[in-house]
Ligand SMILES: C[S@@+](CC[C@H](N)C(=O)[O-])C[C@H]1O[C@@H](n2cnc3c(N)ncnc32)[C@H](O)[C@@H]1O
């Protein structure tokens, strides 16, 4: 496909998303009905769609409308590319711009246009929560997120992992957020085919998650429960950080942990699985990586940004509070609770923890809000002494 034809495909897919289809499904359905598109085409089209979704409101303003054509033309304009060079109508390129469309592309844009790319109902809350960093974070959230790896210290070290990745043509550099973090450059898309990945020397994990795990040092023989383990990313990171700790993984949905045994085998990690509703008790440390808005990860899942509602956020806050109360019961006397979210919102983070500490009269040992200004996702971690 030509570069312009890929934009035409993105317009088609954006129209489907704008009419209510979930982004991933719209991309899959498009690929199924356009079998001629190769993997490079599909990757480029996906990038265009996600680039627009990250900046959907500002692209709509710049392009003069909310349909796929206006969104793509608006994004090109925001990037300093003349949309007329893509909308040529030649081959499979989008049809030429009409006069009305051209006129819509000329009006002036506000200086603080990045602030538009938050849901309207959430903007003031985020502005208040993020304070002086609001503008810079608004801008950062409109760019693609880097790809990060966690070096599996149980099998290798950072320098050897970098050398192993280089053999497969993948460029990796240490990232300051965590001692285990590598940021990928050229070749990042091939990571799952790389020997270093297949051999468990590295895992895909955001640098901010790695920093949060590094803040929870474990001792040999300590009993740890990863209460909301999901796919097990945090369990594996804990096991790599302290192979002598006894890690148990639990999730209310056993299906979410389906791949964990295979991932643990590849990583050479020992993680025992608990049945849903039977997490066990008497743990030295209970980790709650809670279900949340995901607002810190919206660079990777921009569709979710526009789908979150105020009602859903309230439900999540109530669920986090219930989960924390339940998790408290699994901690041994004198043990610790570590709470994490990939959210930027105080209501899910600092306020959630302050309420919990007040309800149960426990001490907040530390808390940290990581933002995309550090390079990784937005992430929150708090340590509580019970
Ligand atoms: C943010 S995800 C966890 C991600 C995971 N820790 C990782 O690193 O890949 C939150 C998880 O909490 C689980 N969950 C939701 N409600 C729960 C509950 N009441 N008790 C335990 N787990 C729950 C969800 O099934 C989901 O897998």
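All of the numbers you see were taken from the coordinates with simple rules; none came from a lab. Just so we're clear, the structure is a prediction, and the values are computed from it rather than from any experiment. Using ideal geometry, Cβ is built from the backbone for each residue, glycine included, and neighbour counts are taken over all protein chains shown.
Tabulated results
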item: Kirkwood-based Rg to Rh ratio, segment 136-268, C-alpha trace; result: 0.98
item: For 147, 202, 22, 338, order by how many other beta-carbon atoms lie within 10 Å, fewest first; result: 22, 147, 338, 202
item: Ranked 250, 360, 107, 383, criterion: other C-beta atoms within 10 Å, fewest first; result: 107, 360, 383, 250
item: Extension gain from residue 120 to residue 143, taking 0.36 nm per residue of separation minus the Cα-Cα distance; result: 6.3 nm
item: Taking the convex hull of Cα positions in segment 214-296, its mean projected area over all directions (nm²); result: 5.5 nm²
item: Range of Cα positions in segment 72-139 per principal axis (Å), largest first; result: 48, 22, 21
item: Size descriptor, Kirkwood hydrodynamic radius, that averages inverse alpha-carbon separations across segment 148-204, Å; result: 10.7 Å
item: Segment 275-386, relative contact order [Cα under 8 Å, separation at least 6], %; result: 33 percent
item: Area projected by the alpha carbon convex hull of the chain, averaged over all directions, nm²; result: 19.8 nm²
item: Estimated [θ] at 222 nm from DSSP helical runs (n ≥ 4, -39500 (n - 2.57)) normalised by residues in the chain, nearest 500; result: -12000 deg cm²/dmol
item: Exposure proxy ranking, count of Cβ atoms within 10 Å, fewest first, for 141, 358; result: 358, 141
item: Relative contact order computed over the chain (Cα-Cα under 8 Å; 6+ residues apart), in percent; result: 13 percent
item: Segment 288-386 - Rg and Dmax from Cα coordinates, angstrom; result: 13.7, 42
item: 20 Å reach of a label modelled at residue 167, 7 Å along Cα-to-Cβ, counting backbone N of segment 260-290; result: 266-268
item: Kirkwood Rh (inverse of mean 1/r, distinct Cα pairs), segment 61-192, angstrom; result: 18.5 Å
item: Quotient of C-alpha Rg and 2.2 N^0.38 Å, computed over segment 216-385; result: 1.01
item: Rg to Rh quotient for segment 3-109, alpha carbon positions, Kirkwood Rh; result: 0.95
item: Counting DSSP beta bridges with both ends in the chain, the antiparallel % (nearest 5); result: 60 percent
item: Spatial separation of Cα centroids for segment 212-238 and segment 4-44, in angstrom; result: 38 Å
item: Ranked packing of 164-171, 37-44, most packed first, by mean Cβ within 10 Å; result: 164-171, 37-44
item: Segment 3-109 - percent relative contact order, Cα under 8 Å, separation 6 or more; result: 30 percent
item: Linear extension gain, residue 2 paired with residue 275, 0.36 nm per residue minus alpha-carbon span; result: 93.2 nm
item: Packing-based order for 276-288, 321-333, using average beta carbon neighbours within 10 Å, highest first; result: 276-288, 321-333
